[in-house]
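Where a number appears in this text, it was derived from the coordinates with a stated rule and is not lab data. This one's a predicted model, so the numbers in the text were calculated from it and none came from an experiment. Note that we place each Cβ from the backbone using ideal geometry, even for glycine, and neighbour counts take in every protein chain shown.
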Amino acid sequence: VAVWALARRRGAGRDGPRAVLKPLPRHCGPRRSRGRAGHVAAPPSAEGHVGQAGTRRLRLGWAQDARRAGRGAGPGDPVHQLPHLEGWRAAQVGAGAGRGARAGSGPATRAPARSVCREDLWVRGGRILDPEKLFFEERRVADEQRDCGGCILAPGFIDVQINGGFGVDFSQASEDVGSGVALVARRILSHGVTSFCPTLVTSPLEVYHKVLPQIPVKSGGPHGAGVLGVHLEGPFISREKRGAHPEAHLRSFEADAFQDVLATYGGLDNVRIVTLAPELGHSQEVIRALTALGICVSLGHSVADLGTAEEAVQSGATFITHLFNAMLPFHHRDPGIVGLLTSDRLPAGRHIFYGMIADGIHTNPAALRIAHRAHPKGLVLVTDAVPALGLGNGRHTLGQQEVEVDGLTAYVAGTNTLSGSIAPMDTCVRHFLQATGCSVESALEAASLHPAQLLGLEKRKGTLDFGADADFVVLDDSLHVRATYISGELVWQVEEARP
């Protein structure tokens with residue numbers, strides 16, 4: 001078992017700490033506890049207490065992944081502990097010192113899915129472990145501890161709209177699409193992304209038929225972030241709001257609409273999200289068919305009015321592609337797709353999510369604030385990154401179009417039409433936090449918990465809840481990425497932090 005842990009010393013005097021506050025188990029998401037309600041005082045352990053009053057320590061621990069030995073993790077497997085901001089320290093963490101656990105030192109903070117927790121994070125077999133069961137049922141302690149040096153620990157980021165990056169264009173057909181996807185998967189680890197949906201823009205049919213079979217769903221690891229499935233943005237979108245999508249390859253639904261979809265894409269085996277314009281004829285039929293297959297339907301690149309958008313949600317649509325961009329502007333008599341954020345005509349229990357490109361270019365800070373305040377629990381940060389991500393100024397491709405990059409802005413070459421973003425996910429998180437004035441917890445949820453909920457993966461991804469995949473990111477106080485973990489394994493860390 002491995003543990004990431006953090007402790008805060010309180011009431012220290014000349015004789016050392018008199019007590020360490022230990023929170024009762026809380027495990028939903030990022031929570032910032034203040035050492036009041038929900039905490040109990042416990043005697044400090046002899047090992048691992050913080051040397052200065054007010055210092056925060058986060059240590060990290062986890063169990064060796066028994067799957068490498070060809071079996072699932074069980075009670076006999078090593079346990080890893082990752083200390084949190086302020087929790088589960090006391091006797092539990094210190095007890096491991098005499099059992100081969102490696103005690104760490106230095107401050108740290110943990111931020112699970114909905115708020116920042118001040119407790120240790122325990123990992124075994126690539127999953128987050130309930131330490132109470134470990135202590136009281138298995139009588140185990142941590143086999144390994146890691147110190148996160150005063151940083152924030154948050155669920156790994158999930159990017160559900162990324163068109164490529166680092167010179168790789170997912171919408172370009174080749175014999176080796178997989179190597180390009182793998183390169184992007186490796187490079188985005190440095191930005192805290194542990195899972196993503198490679199996105200294809202409107203393309204000729206032969207591109208879909210050649211590319212889609214080469215992008216299977218794949219678990220993340222040292223090789224790179226996990227692939228959750230492909231996001232198909234087009235070609236069933238509005239000509240008027242096509243944005244950077246090539247008009248020559250746009251399509252409308254034929255009479256046998258769903259068969260037309262299958263013929264266009266050549267199959268849906270690796271598809272997770274489809275963006276379409278709900279005002280197109282037969283679109284409601286397509287939405288129902290895609291939803292029945294477990295595919296998320298997103299509304300975007302559309303001139304739909306609010307009534308049409310509400311009908312699409314009633315048919316099963318659950319997402320809005322890059323809110324405000326490539327859709328009718330908000331109008332007080334017909335707010336269009338934007339009106340879904342506060343609509344009272346959505347099916348009972350149906351939750352609408354919406355993507356936001358918080359790169360400082362696509363969306364004005366005031367618009368970010370309006371959307372967040374109207375519907376904070378539905379906001380999903382996306383990069384909409386183009387192949388120029390990570391490259392310099394100049395001309396690059398995006399599908400069938402040329403893109404001109406100038407500073408932080410990407411345009412369709414020769415026009416003033418925006419063409420995706422060149423901002424990585426951690427930059428979007430920081431800009432969103434600054435623009436909206438929201439809590440750190442809310443900013444982290446928008447890049448982790450909310451996209452996981454959108455895809456129905458909230459039990460496994462986007463959270464530090466017990467039983468979830470141990471995919472998480474270590475951030476400093478300014479939300480710059482220090483290290484990235486997938487299944488409890490270190491897959492990237494900043495150069496200066498390496499031994």
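Across segment 226-319, Cα-Cα pairs farther apart than 22 Å form 19% of the total.
Inter-label distance, Glu496 to Arg373: 3.7 nm, where each label sits 7 Å from its Cα along the C-beta direction.
Using the Cβ-Cβ distance between Glu247 and Asp344 with R0 set to 41 Å, the FRET efficiency works out to roughly 0.65. What FRET efficiency comes out for the pair Glu254/Asn416, r = Cβ-Cβ distance, R0 = 41 Å, nearest 0.05? The calculated FRET efficiency here is 0.75.
The stretch between Ala366 and Arg186 holds 61.4 nm of extra length on full extension. This uses 0.36 nm per residue minus the Cα-Cα distance. Taking 0.36 nm per residue of sequence separation and removing the Cα-Cα distance, the Arg460/Glu132 pair yields an extension gain of 116.1 nm. Treating each Cα of segment 122-178 as an identical point scatterer and summing with the Debye formula, the log10 of I(q)/I(0) at q = 0.16, 0.17, 0.18, 0.29 Å⁻¹ comes to -0.75, -0.77, -0.81, -1.24. Within the same chain, lysines fewer than 8 places from Lys218 are excluded, and of the rest, those with a Cα less than 24 Å from its Cα are Lys210, Lys459, Lys461.
What the Cα convex hull of segment 155-462 gives, in volume per residue, is 119 Å³. Distance from the C-alpha centroid of segment 330-375 to that of segment 415-486: 19 Å, rounded to the whole angstrom. As a calculated quantity, the FRET efficiency between His223 and Ser478 at R0 = 35 Å, using C-beta atoms, amounts to about 0.75.
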